[in-house]
Amino acid sequence: MIYRQLRRAQATVHLLHPLETDAVLDVGCAEGYVTGFLSRTRITVGMDIAVDSLMQARARIDSVEVEFVGADATRLPFRDGAFTKAVVLEILEHLPEANQRMLAHEVDRVLKENARLAISVPWKERITYTKCVHCGNLTPLWGHLHSMDEEKVVSILPGHFVLLRSIHLPNLGLVSLASVFKHLPFKLWLCLNDILGLLRKGYGSYSYFRDRPRVSSACWEVYLG
């Protein structure tokens, strides 16, 4: 699992290109694993609603440059335009549609003009239901309420967001968990992911790319499992 997390974090940094001058927000940071990879910026804030996760994050990252905040992602406690970059990783698939839009509105509000947003979701996941041992009702496995793809994410974000790049990681588990691959540099690992994706699933990592627009707008990038 640790190598899977490592590759997710590396993919996030690869997309986001955090700079020392940036102020970065990690929405739904959990135990702060990815937050730690973003911590070389001027301001790095990890935010989550789960107190236990934030305690683990603070224990993991002992840095004055990183702040952890307990908050609801649909009501972010930050001023307008406070951040230059943000990440929302493995969050949207868990939220009801109304909450998805509220989160998107709040992230848009706290980002500066021409900011960059990175999002990750499971790609075109087949939602599996299991019977709850407590209530007997069918519930989605892992709490995933929606099957997500680029079009679904586009429908959630405000209209002025522009998709820059979409990266698929079709073999994240296979290539990350096999010990023989764990020491590969990220770019070489991504190439291997590409080759195995084409062989096993018919698609590689880079499914979409657009040069950064020369207009005043928020931009976003997405990687998908």
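The values are calculated or read from the model by the stated rules, or taken from the named source; none is laboratory data. Because the structure is predicted, anything quoted here is derived from the model rather than measured. Ideal geometry is used to build each Cβ from the backbone, glycine not excepted, and the neighbour counts take in all protein chains shown.
Quick one: count up the residues across the range 102-151 that are in a helix (DSSP H, G or I), in contact with a His (Cβ under 9 Å, 6 or more places away or on another chain) and at pLDDT below 90.
Number satisfying all stated conditions: 2.
For the subset of the range 70-101 comprising residues that are crowded, with 21+ Cβ neighbours inside 10 Å and assigned to a strand (DSSP E or B), which member is modelled with the lowest pLDDT?
Ranking the candidates gives 89 first.
Name, by its number, the condition in (1) in a helix (DSSP H, G or I); (2) loosely packed, with under 15 Cβ neighbours inside 10 Å that does not hold for residue 67.
It is condition (1) that residue 67 fails.
Residues being among the hydroxyl-bearing types (Ser, Thr, Tyr), in a helix (DSSP H, G or I) and either within 18 Å of residue 67 (Cα to Cα) or modelled with pLDDT of 90 or more (or both): count how many of those fall in the range 1-47.
Number satisfying all stated conditions: 2.
Would you mind telling me which numbered condition in (1) under 17 Å from the mean Cα position of the chain (by Cα); (2) among the β-branched types (Val, Ile, Thr); (3) more than 28 Å from residue 182 (Cα to Cα) residue 87 fails?
(3)
Conditions (1) on the phi > 0 side of the Ramachandran plot; (2) charged (D, E, K, R); (3) out of contact with any helix residue (DSSP H, G or I) (no Cβ under 7 Å at 6 or more places or on another chain), marked per residue:
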{"site": "34", "(1), (2), (3)": "no, no, no"}
{"site": "41", "(1), (2), (3)": "no, no, yes"}
{"site": "58", "(1), (2), (3)": "no, yes, yes"}
{"site": "63", "(1), (2), (3)": "no, no, yes"}
{"site": "69", "(1), (2), (3)": "no, no, yes"}
{"site": "78", "(1), (2), (3)": "no, no, no"}
{"site": "86", "(1), (2), (3)": "no, no, no"}
{"site": "94", "(1), (2), (3)": "no, no, no"}
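With farther than 26 Å from residue 189 by Cα and small (Gly, Ala, Ser) as the only criterion, which of 30, 98, 86, 9 stands out?
Being farther than 26 Å from residue 189 by Cα and small (Gly, Ala, Ser) holds for just one of 30, 98, 86, 9, which is 98.
Restricting the first residue to the range 94-115 and requiring it to be among the basic types (Lys, Arg), which pairs with a second residue that is surrounded by fewer than 16 Cβ atoms within 10 Å (Cβ to Cβ) meet a Cβ separation below 6 Å and a spacing of at least six or different chains?
Close Cβ pairs (under 6 Å, with a partner that is surrounded by fewer than 16 Cβ atoms within 10 Å (Cβ to Cβ)) amount to 109/80; 112/81.
Table: residues versus (1) aliphatic (A, V, I, L, M); (2) under 24 Å from residue 149 (Cα atoms).
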position: 12; (1), (2): no, yes
position: 23; (1), (2): yes, no
position: 36; (1), (2): no, no
position: 45; (1), (2): yes, no
position: 51; (1), (2): yes, no
position: 58; (1), (2): no, no
position: 65; (1), (2): no, no
position: 75; (1), (2): no, no
